[in-house]
Amino acid sequence: MMATRVAILAAVVLAATVSGCGDSNNSNNHVAQPPPGAEEVTVLDLGTVALTAENQGQTFDVGVAGASSLVIVADGGDATDIDIETLQAPSGAVLVTADASDANPLTGSVSPQDVGGSVATAIVPRLPVIPIEQGTYSFSVASFNAAGTRVAATVHLTAIINHREIPTTGVLSLRVFFVGTPGLNAASAASSVPFQKIMHQLTLAFGAIGIDVQVVDLVDIGGEPGTELAVLDVLDSTTDRTVTDRNLNRQSDEMDALFPLSGGRTGNVVNLFFVREFFTQSGALAVSGGLPGPSIVSGTNQSGIAVSTLGGLDQQSDTDLENIGLALEVELAGYLGALGTVDPDNFTISQQLALLRNPAVVSRQP
């Protein structure tokens with residue numbers, strides 16, 4: 001049974017309401033259709049919730065109408081493991097349960113989320129069998145340490161409601177950061193043949209399912225961060241116990257430092273971070289901050305995808321550039337909510353659905 005609901009913020013923005021409820025059967029939620037000409041995407045800042053080890057039973061309501069998808073992001077800062085522990089649809093269907101042995105209809109795997117991750121993201125729908133419902137969704141969040149014990153955390157909650165009609169095409173905007181990349185920066189990117197080859201490959205893969213990929217911003221990361229993060233620690237089986245992960249969130253501390261550099265910038269965009277190279281023996285060429293990631297929410301520890309230039313794109317063969325592009329395609333698809341093994345040359349129907357309905361994909365402007 002759901003625990004007593006408590007309010008963090010009551011907000012009414014376009015087609016969404018957020019509130020908390022007490023033990024009575026009465027609800028103060030009001031759900032309205034978005035007015036004509038309203039923005040396609042509503043981003044609701046739900047404020048923060050202070051979780052304690054003893055009290056993690058709060059549930060929160062998000063009302064949606066005229067929506068094609070809903071994204072809930074729970075940002076725990078430097079927390080070890082934040083989960084969206086329960087999620088219930090307006091019909092009462094349980095999409096995520098707190099029992100780790102339960103099947104999770106939202107993703108087809110067990111719930112809650114895998115151990116590790118300072119940011120938790122839930123996307124409805126990700127599978128065709130879980131349609132978006134109009135009405136009030138209820139959810140709760142939890143915080144764990146590496147041993148699976150509940151611990152305190154301050155979690156910032158965001159809901160993103162996509163008001164687009166069920167789309168078949170759209171535009172995905174990217175912001176690209178350059179972090180110590182030899183011969184490649186914001187000024188030279190447009191004339192860099194290797195960089196443009198990678199972007200062209202990305203455009204072809206997503207264009208095949210109706211998504212027009214556009215680079216809308218180029219940013220250089222200089223100074224101390226640009227020097228320290230150019231060779232980026234990646235936490236995997238080849239670097240476990242070698243790279244630092246002080247908060248034990250299963251992501252290197254350097255990646256925890258990299259993705260927040262996207263903070264303070266506006267726009268419905270996804271962040272890509274090109275670095276000089278990765279510190280790993282795994283052969284990884286791209287690593288996302290979350291599968292799925294927090295969509296268009298920037299500034300969190302998992303707000304982006306890191307891409308290796310293998311020491312410099314100008315030194316790479318066409319095959320190397322193709323492999324970098326392929327790795328980026330796979331990570332970007334997973335970041336936007338695609339489930340299962342991703343083949344960018346043959347996205348499944350379920351993967352196409354997830355990608356097109358992510359709020360990061362917006363309508364083409366007339």
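The values are calculated or read from the model by the stated rules, or taken from the named source; none is laboratory data. These numbers were taken from a predicted model, which means no experiment stands behind them. Ideal geometry is used to build each Cβ from the backbone, glycine not excepted, and the neighbour counts take in all protein chains shown.
When you check Leu328 against the structure, is it in contact with a strand residue (DSSP E or B) (Cβ under 6 Å, 6 or more places away or on another chain) and part of a helix (DSSP H, G or I), yes or no?
Numbers: in contact with a strand residue (DSSP E or B) (Cβ under 6 Å, 6 or more places away or on another chain): yes; part of a helix (DSSP H, G or I): yes.
The answer is yes for Leu328.
Within the stretch 114-134, is there a residue that is surrounded by fewer than 21 Cβ atoms within 10 Å (Cβ to Cβ), of a type in the set (Ser, Thr, Tyr) and not in a loop (DSSP other than H, G, I, E, B)?
There is no residue in the stretch 114-134 that is surrounded by fewer than 21 Cβ atoms within 10 Å (Cβ to Cβ), of a type in the set (Ser, Thr, Tyr) and not in a loop (DSSP other than H, G, I, E, B).
Could you list, in sequence order, the residues of the stretch 250-284 that are more than 18 Å from Arg175 (Cβ to Cβ) and either of a type in the set (A, V, I, L, M, F, W, C) or surrounded by 20 or more Cβ atoms within 10 Å (Cβ to Cβ) (or both)?
Matches in the stretch 250-284: Gln251, Ser252, Glu254, Asp256, Arg276, Phe278, Phe279, Thr280, Ala284.
What is the one condition in (1) farther than 23 Å from Leu184 by Cβ; (2) in contact with a strand residue (DSSP E or B) (Cβ under 6 Å, 6 or more places away or on another chain); (3) modelled with pLDDT of 95 or more that Ile296 does not satisfy?
(2)
Residue by residue through the stretch 56-85, note down the ones that are touching a Leu at 6+ places or on another chain (Cβ under 6 Å) and assigned to a loop (DSSP other than H, G, I, E, B).
Residue satisfying the conditions is Thr80 alone.
Cβ contacts < 6 Å: first residue in contact (Cβ under 8 Å) with a residue 40 or more places away in the chain, restricted to the stretch 139-153; second residue crowded, with 21+ Cβ neighbours inside 10 Å and not in a strand (DSSP E or B), any location; separation 6+ or different chain. Result?
Filtered contacts from the stretch 139-153: Ala142/Gln56; Ser143/Ala79; Asn145/Thr80; Ala146/Thr80; Arg150/Gln56; Ala153/Gly76; Ala153/Ala79.
Go through the stretch 119-129 and count every residue that is within 14 Å of Ala89 (Cβ to Cβ) and in contact (Cβ under 8 Å) with a residue 40 or more places away in the chain.
Residues that pass the stated criteria total 6.
Can you work out which of the residues in the stretch 76-91 that are out of contact with any strand residue (DSSP E or B) (no Cβ under 6 Å at 6 or more places or on another chain) and of a type in the set (S, T, N, Q) is surrounded by the fewest Cβ atoms within 10 Å (Cβ to Cβ)?
The residue in question is Ser91.
Scan the stretch 151-167 and give yes if some residue there is at pLDDT below 95 and either under 30 Å from Ala53 (Cα atoms) or among the β-branched types (Val, Ile, Thr) (or both), otherwise no.
yes
Would you check if Ser282 is in a loop (DSSP other than H, G, I, E, B), touching a residue at least 40 places away in the same chain (Cβ under 8 Å) and at positive phi?
Spelling it out, it is not the case that Ser282 is in a loop (DSSP other than H, G, I, E, B), touching a residue at least 40 places away in the same chain (Cβ under 8 Å) and at positive phi.
Could you please find all residues in the stretch 215-244 being exposed (fewer than 14 other Cβ atoms within 10 Å of the Cβ) and touching a helix residue (DSSP H, G or I) at 6+ places or on another chain (Cβ under 9 Å)?
Passing the criteria: only Thr244.
Confirm whether Gly304 is surrounded by fewer than 24 Cβ atoms within 10 Å (Cβ to Cβ), within 21 Å of Leu202 (Cβ to Cβ) and in the same structural domain as Leu321 (by TED's automatic domain parsing).
no
For the stretch 68-81, state whether one or more residues are modelled with pLDDT under 95, within 15 Å of Gln134 (Cα to Cα), hydrophobic (A, V, I, L, M, F, W, C) and not assigned by TED's automatic domain parsing to the domain that holds Ser252.
No, there is no match, as no residue in the stretch 68-81 is modelled with pLDDT under 95, within 15 Å of Gln134 (Cα to Cα), hydrophobic (A, V, I, L, M, F, W, C) and not assigned by TED's automatic domain parsing to the domain that holds Ser252.
Thr107 - would you say it is among the polar types (S, T, N, Q) and not in a loop (DSSP other than H, G, I, E, B)?
Criteria not met by Thr107.
Which one is farthest from Leu157 (Cα to Cα), of the residues in the stretch 32-53 that are at pLDDT 95 or above and assigned to a loop (DSSP other than H, G, I, E, B)?
Ala53
Matching residues to (1) free of Cβ contacts under 8 Å to residues at least 40 places away in the same chain; (2) at positive phi; (3) outside the structural domain of Glu39 (by TED's automatic domain parsing); (4) not hydrophobic (A, V, I, L, M, F, W, C):
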| site | (1), (2), (3), (4) |
| --- | --- |
| Ile198 | no, no, yes, no |
| Thr203 | yes, no, yes, yes |
| Ile211 | no, no, yes, no |
| Leu218 | no, no, yes, no |
| Gly226 | no, no, yes, yes |
| Ala257 | yes, no, yes, no |
| Ser262 | no, no, yes, yes |
| Phe278 | no, no, yes, no |
